1. Using every pair of alpha-carbon atoms in region 29-125, split the distances into 5 Å bins beginning at 0 and state the percent of pairs per bin, rounded to integers.
2. Summing -39500 (n - 2.57) over the DSSP H runs of n ≥ 4 in the chain and dividing by its residue number, what mean residue ellipticity at 222 nm do you reach, to the nearest 500 deg cm²/dmol?
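Derivation of every value follows stated rules applied to the coordinates shown; laboratory data play no part. All values derive from a computational prediction rather than experimental measurement.
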Amino acid sequence: MGLAGEISATRDGSVHSGRLLGEFRRTALLVPLSEGDDGGLMSGWQGGVRWIYAFTDEEALARFAVARGAGAGAREWEYLSILGARLVDAVIPTVDGPTGVAVDVADEDGSMLFPPVVGIVPDAQAVDAPSAGTDRAEAV
């Protein structure tokens, strides 16, 4: 079914969240790089949480680019292909502050947030863990 299909099924109420999370962890996501000189991953802030933008395919990434005002003749967007598991287990621990993953955010009916909570991100980065946020590295 793939991650996009699991998101759709979850939104319809026909899939358990554990199955969705498993598919997220197994999926190679496309994460655009920021335009600045820092070479970091593109992200945004909402509700005190940094959300790393990730996409299930190039078409979903293109819809996001268009929604951000990148039309015909706009620059090419560089991106990293990374497994969801590696994103939450290896990348998020290097970011300062609460960080989650926003998947396919330009698709109103196909987007999904994976927040920085126990069971999604490592406990040390989870905002709902008993000792949340005590040993965070600086943003890369």
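1. P(r) for region 29-125, in whole percents per bin: 3, 13, 24, 26, 19, 10, 4, 1, 0.
2. Values: 3 runs with 30 residues, N = 140.
Counting only the DSSP helices, I get -6500 deg cm²/dmol.
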